[in-house]
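Visitor: Shown below is the structure under consideration.
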Amino acid sequence: MSKKNLIVFIATCLTGLTFSQSLSTNNREPSSSSVTSVVEIELKVEALLKQMTLQEKIGQMNQYNGFWDLTGPAPSSGDAAKKYEHLRKGYVGSMLNLRGVENVRKIQKIAVEETRLGIPLIIGFDVIHGYETLSPIPLAESASWDLEAIKKSAEVAAEEAAAAGINWTFAPMVDISRDARWGRVMEGAGEDPYLGSKIAFARVQGFQGADLSKHTTLAACAKHFAAYGFPESGREYNTVDVGTSTLNNIIFPPFQATIDAGVRTFMNAFNELNGIPATGNTNLQRTILKDKWKFDGFVVSDWGSIEEMVTHGHAKDGKHAAQIAANAGSDMDMESYLYVNELAALVREGKVKEAYIDDAAKRILRVKFELGLFDDPYKYCDEQREKDVIGQPAFHEAALDMAKKSIVLLKNDNQLLPLKKQGQKIALIGALASDKTSPLGSWRIAAKDNTAISVLEGMQAYTGNQLTYAKGADVSLGQTKFIDELKINTTDRSEFLQAIAVAKTADVVVMVLGEVGYQSGEARSRTDLGLPGVQQDLLEAIYEVNKNIVLVLNNGRPLVLNWHQEHLPAIVEAWQLGTQSGNAIAQVLYGDYNPSGKLPMSFPRAVGQVPIYYNYKNTGRPLMPTPSTVFWSHYQDVENTPLYPFGYGLSYTTFNYSELQTQVVSDNEVNVSVTLKNTGKFTGKEVVQLYIKDHYASVTRPVRELKGFELVSLEANESKKIKFTLSEKELGFYDNEGNFIVEPGDFSIFVGGDSNTTLQSKITL
């Protein structure tokens, strides 16, 4: 059937239909127009499915990576030729890592104009924190606690990527992680499920917008389902072993939040859970995600994860792996070739139900209809829009705004910051200070190297001081690539002397130290959380000649900073802030922007504490019973607490909390209020954080749980009463059967500027 005839057939099926049904999708209450749209799409999907052969349905479940130079001839041999053949037969449902309007149009033309049914492809790409214009890495954005800014950041990323022909992003990553050794903490929202859920919701809304069919939006993908952020030893791709309570109360909530936001796709995880790889885990994908949570989008595997079930020791061979994955509810195979090669035979042999194939194909087709690809397969292929949109000034302004909001002030003794704007000699030291690539962070596939504003460039915009730069030492050696191991400089100190000479005559030394961009991200696990290479030696050498040091950190994970906290007067956590990094840092250092960021992850005192997190469970022996007694839960060589707790962050002004009041309205509703006053000299923003402690429960609860926050801006000496309402959603938890319950009992309510706040009130429900 030609595409024209297919469209006529579908239109005929729709004629005379009424739309009186009351439908809802993803737990949202739809308008009458959206109900109509949902019904229309379902009818179109069913009509199309009836025209498809078994192999064509399976083809929708097959995703290939980009494979040849589209400006040249079609491939004649190898895997590329096979992929090309499958495209022309309609045996490919999606392509990834294909970008640029010219390239996307050419591949889409094959799918739409050269196949029997003309079903368009969905084009996927890792748009993680921007496309070509990059915002801060997601962990840094999370430090802003600014949900509107985070949503805006995703909107910008979506519009820019969509202009390049992409319509599906493999983001947001919503994995909760408590282990800074794991490199992919840079890609998530940190350690807390409440904050993580709010951010997950905002990011999905930003990517997908209010109307997924617009050419400025992308289908979002919640990943990695599930527990990918809990690998043993913090080692990438490692085994995961978590309890039911952790799974239900810590790991699942951000994924549920994405469904509430209407996310259209999920990605499963590389890890196993309860001895079963996530890709082949029926309980995760069918029982929980599709049946219990009513998710009606589709699930894509991670790269080659279906085939990796053989290596896991869960599948006998590739054919067996395809059987397990399809039966478990993994709808699309990313780059393992197994579905397209094996599923038809498995259906004929009765090992995979054809109903499962139909369900997977329906889910994929549904999203394609929602994206409007059947209405216009080339809607994302406008060359002029690509030229006009990518890199536009408004995107850079948004990236700068997000970057400033992501910076966390960790220490500022004697009000060393903000820097004076004139009359000072400032030494700027560190290879990262002049680096125009590392600030882009990891997952910068579409961004060009050397396009970030460096700290040096940002500070050079302030001309009132005498600024002198010295590299001091390289952090890494040679080229840095996403797929290659880094070579860290551990020996070369040849430029120390020049840096020392510059520091000796300076009034203030600004040192930019930390990790190069590819030192965090996928497959970038570390056992040492100190400054890499010779940077610590450089720092201490500078300290010997000038103690007036502002340490600016560029990094993608929490670091161990004990020496720095003890010796240095000022520490700024500036993460990897993207394209506008240097401008954002300079504006904060000079006080044109008052930092307001708060840590989304705890910073340990020692790597031996990791995983460390604020919402831990009490042991039976949490406190020292008598002086010098050993029989309590502790380390011999370091205290239990983190160096910087979750939610921590300073400002150039100060804030006071008072008048905490609580009112129990009912068994599942509590009103809370607190007065916040700006007691300093500067206008500033504060993230007011509310925590609860459930003192006893049928399943033990953490010592504290974040259950509310508000970003508040106050003028100097201004006060404001902040109000919260705790509902059933905040007061309850999941039991070990997965039921959400609220139990009566005693609760403590804490409100303050970080998770260690002492201002509290007690209530009884």
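Visitor: Please indicate, with yes or no, whether at least one residue in region 291-311 is outside any loop (DSSP other than H, G, I, E, B), polar (S, T, N, Q), crowded, with 24+ Cβ neighbours inside 10 Å and at negative phi. Steps first, answer last, please.
Guide: Filtering region 291-311 down to residues outside any loop (DSSP other than H, G, I, E, B) leaves 291-292, 298-300, 308-311.
In the following step, the residues that additionally are polar (S, T, N, Q) were identified as 311.
Right, trim to crowded, with 24+ Cβ neighbours inside 10 Å and you get none.
No, region 291-311 contains no residue that is outside any loop (DSSP other than H, G, I, E, B), polar (S, T, N, Q), crowded, with 24+ Cβ neighbours inside 10 Å and at negative phi.
Visitor: When you check Tyr378 against the structure, is it of a type in the set (Ser, Thr, Tyr), part of a helix (DSSP H, G or I) and in contact (Cβ under 8 Å) with a residue 40 or more places away in the chain, yes or no?
Guide: Values: of a type in the set (Ser, Thr, Tyr): yes; part of a helix (DSSP H, G or I): no; in contact (Cβ under 8 Å) with a residue 40 or more places away in the chain: yes.
It is false that Tyr378 is of a type in the set (Ser, Thr, Tyr), part of a helix (DSSP H, G or I) and in contact (Cβ under 8 Å) with a residue 40 or more places away in the chain.
Visitor: Just the residues that are among the small types (Gly, Ala, Ser) and either closer than 26 Å to Glu113 by Cα or touching a strand residue (DSSP E or B) at 6+ places or on another chain (Cβ under 9 Å) (or both), please, taken from region 347-387. Give the steps one after another, and end with the answer.
Guide: Of all residues in region 347-387, those among the small types (Gly, Ala, Ser) come to 350, 355, 360-361, 372.
Residues satisfying the conditions are Ala360, Ala361, Gly372.
Visitor: Quick one: which strands (runs of 3 or more DSSP E) sit completely within region 616-734 and have at least 3 residues that are of a type in the set (Ser, Thr, Tyr) and either at pLDDT 95 or above or closer than 28 Å to Ser245 by Cα (or both)? Quick ask: steps written out before the conclusion?
Guide: Working: elements: 655-666, 669-678, 684-694, 705-714, 719-726.
Fully inside region 616-734 and qualifying: 655-666.
Visitor: With respect to the numbered conditions (1) touching a strand residue (DSSP E or B) at 6+ places or on another chain (Cβ under 6 Å); (2) part of a strand (DSSP E or B); (3) crowded, with 24+ Cβ neighbours inside 10 Å, which one is the sole condition not fulfilled by Ala503?
Guide: Single failed check for Ala503: (2).
Visitor: Which of the residues belonging to region 420-447 are at negative phi, surrounded by fewer than 20 Cβ atoms within 10 Å (Cβ to Cβ) and either more than 22 Å from the chain's Cα centre (by Cα) or outside any loop (DSSP other than H, G, I, E, B) (or both)?
Guide: Residues satisfying the conditions are Lys420, Lys421, Gln422, Gln424, Lys425, Ser434, Lys436.
Visitor: Among the candidates Lys82, Lys57, which residue alone is over 29 Å from the mean Cα position of the chain (by Cα), surrounded by fewer than 18 Cβ atoms within 10 Å (Cβ to Cβ) and part of a helix (DSSP H, G or I)?
Guide: Values: Lys57 fails: surrounded by fewer than 18 Cβ atoms within 10 Å (Cβ to Cβ).
Testing whether each residue is over 29 Å from the mean Cα position of the chain (by Cα), surrounded by fewer than 18 Cβ atoms within 10 Å (Cβ to Cβ) and part of a helix (DSSP H, G or I) leaves just Lys82.
Visitor: Restricting to region 170-200, what's the tally of residues that are farther than 16 Å from Ser755 by Cβ, of a type in the set (A, V, I, L, M, F, W, C) and assigned to a loop (DSSP other than H, G, I, E, B)?
Guide: So the count comes out to 5.
Visitor: Here's another thing I want to ask about it. Name every residue in region 448-500 that is touching a strand residue (DSSP E or B) at 6+ places or on another chain (Cβ under 7 Å), among the small types (Gly, Ala, Ser) and surrounded by fewer than 18 Cβ atoms within 10 Å (Cβ to Cβ), in order of residue number.
Guide: Gly478
Visitor: Is it the case that Ala523 is loosely packed, with under 15 Cβ neighbours inside 10 Å and more than 30 Å from Asp126 (Cα to Cα)? I'd like the intermediate steps shown before the answer.
Guide: Working: loosely packed, with under 15 Cβ neighbours inside 10 Å: yes; more than 30 Å from Asp126 (Cα to Cα): no.
No; evaluated as a whole, the condition is false for this residue.
Visitor: I'm checking my understanding of the structure. Among residues of region 352-364 that are part of a helix (DSSP H, G or I), hydrophobic (A, V, I, L, M, F, W, C) and farther than 17 Å from Met267 by Cα, which one is farthest from the chain's Cα centre (by Cα)?
Guide: Ala355
Visitor: Related question: Give Gly732, Gly738 a once-over and let me know the one that is on the phi > 0 side of the Ramachandran plot, small (Gly, Ala, Ser) and not assigned by TED's automatic domain parsing to the domain that holds Phe603.
Guide: Working: Gly732 fails: on the phi > 0 side of the Ramachandran plot.
Criteria check complete, one pass: Gly738.
Visitor: Name every residue in region 283-325 that is β-branched (Val, Ile, Thr) and more than 24 Å from Ala171 (Cβ to Cβ), in order of residue number. Show your work before the answer.
Guide: We begin by selecting, within region 283-325, every residue β-branched (Val, Ile, Thr); these are 287-288, 299-300, 306, 310-311, 324.
Selection gives Thr287, Val310, Thr311, Ile324.
Visitor: While we're on this one: Select from region 127-176 the residues that are in contact with a Pro (Cβ under 6 Å, 6 or more places away or on another chain) and either closer than 15 Å to Leu599 by Cα or among the aliphatic types (A, V, I, L, M) (or both) and write down the one among them that is surrounded by the most Cβ atoms within 10 Å (Cβ to Cβ).
Guide: Val174
Visitor: Here is a further query. Taking region 108-165, which residues are small (Gly, Ala, Ser), in contact with a helix residue (DSSP H, G or I) (Cβ under 7 Å, 6 or more places away or on another chain), more than 12 Å from Ala447 (Cβ to Cβ) and not in a loop (DSSP other than H, G, I, E, B)?
Guide: Of everything in region 108-165, those that are small (Gly, Ala, Ser), in contact with a helix residue (DSSP H, G or I) (Cβ under 7 Å, 6 or more places away or on another chain), more than 12 Å from Ala447 (Cβ to Cβ) and not in a loop (DSSP other than H, G, I, E, B) turn out to be Ala111, Ala140, Ser142, Ala149, Ser153, Ala154, Ala158, Ala163.
Visitor: Out of region 526-552, which residues are under 25 Å from Glu191 (Cβ atoms) and either among the hydroxyl-bearing types (Ser, Thr, Tyr) or surrounded by fewer than 23 Cβ atoms within 10 Å (Cβ to Cβ) (or both)? Reasoning before the result, please.
Guide: Our first condition is that a residue be under 25 Å from Glu191 (Cβ atoms); within region 526-552, this holds for 526-532, 551-552.
Hits for region 526-552 are Arg526, Thr527, Asp528, Leu529, Gly530, Pro532.
Visitor: Given the conditions (1) over 15 Å from Glu191 (Cβ atoms); (2) assigned by TED's automatic domain parsing to the domain that holds Tyr590; (3) not small (Gly, Ala, Ser), and given that Pro604 satisfies all but one, which numbered condition is not satisfied?
Guide: Status for Pro604: all satisfied but (1).
Visitor: Mind checking which residues of region 577-601 are of a type in the set (Gly, Ala, Ser) and out of contact with any Gly (no Cβ under 9 Å at 6 or more places or on another chain)? First the steps, then the outcome.
Guide: In the first step, residues of region 577-601 are kept if they are of a type in the set (Gly, Ala, Ser); the result is 578, 581-582, 584, 586, 591, 596-597.
Of everything in region 577-601, just one residue is of a type in the set (Gly, Ala, Ser) and out of contact with any Gly (no Cβ under 9 Å at 6 or more places or on another chain), namely Gly591.
Visitor: Hey, could you check region 669-683 for residues that are closer than 16 Å to Asn717 by Cα and of a type in the set (D, E, K, R) and say which is surrounded by the fewest Cβ atoms within 10 Å (Cβ to Cβ)?
Guide: Lys681
Visitor: Answer yes or no: is there a residue in region 405-419 that is touching a helix residue (DSSP H, G or I) at 6+ places or on another chain (Cβ under 7 Å), part of a loop (DSSP other than H, G, I, E, B), assigned by TED's automatic domain parsing to the domain that holds Ala506 and among the hydroxyl-bearing types (Ser, Thr, Tyr). Give the derivation first.
Guide: Within region 405-419, the subset touching a helix residue (DSSP H, G or I) at 6+ places or on another chain (Cβ under 7 Å) is 405-407, 411, 417-419.
This time we only want the ones that are part of a loop (DSSP other than H, G, I, E, B), so: 407, 417-419.
Then drop every residue that is not assigned by TED's automatic domain parsing to the domain that holds Ala506, which leaves 407, 417-419.
Cutting the leftovers down to among the hydroxyl-bearing types (Ser, Thr, Tyr) gives us none.
Looking for residues that are touching a helix residue (DSSP H, G or I) at 6+ places or on another chain (Cβ under 7 Å), part of a loop (DSSP other than H, G, I, E, B), assigned by TED's automatic domain parsing to the domain that holds Ala506 and among the hydroxyl-bearing types (Ser, Thr, Tyr), one finds none in region 405-419, hence no.
Visitor: Next question. Taking region 249-270, which residues are over 30 Å from Ala161 (Cα atoms) and surrounded by fewer than 23 Cβ atoms within 10 Å (Cβ to Cβ)?
Guide: Let us first name the residues in region 249-270 that are over 30 Å from Ala161 (Cα atoms), namely 249-250.
Once the filter is applied, which keeps residues that are over 30 Å from Ala161 (Cα atoms) and surrounded by fewer than 23 Cβ atoms within 10 Å (Cβ to Cβ), region 249-270 yields only Asn249.
Visitor: Also, quick follow-up: Being in the same structural domain as Asn555 (by TED's automatic domain parsing) and of a type in the set (D, E, K, R): is that true of Lys425 here? Steps first, please.
Guide: Details: in the same structural domain as Asn555 (by TED's automatic domain parsing): yes; of a type in the set (D, E, K, R): yes.
Yes, satisfied.
Visitor: Of the residues Phe709, Phe724, Phe646, which single one is touching a Gly at 6+ places or on another chain (Cβ under 6 Å) and of a type outside the set (Asp, Glu)? Give the steps one after another, and end with the answer.
Guide: On the way: Phe709 fails: touching a Gly at 6+ places or on another chain (Cβ under 6 Å); Phe646 fails: touching a Gly at 6+ places or on another chain (Cβ under 6 Å).
Going through Phe709, Phe724, Phe646 in turn, the sole match is Phe724.
The values are calculated or read from the model by the stated rules, or taken from the named source; none is laboratory data. Quantities reported herein were computed from a predicted structural model and do not represent experimental measurements. Please note: Cβ atoms are built from the backbone with ideal geometry, for glycine as well, and neighbour counts cover all protein chains shown.
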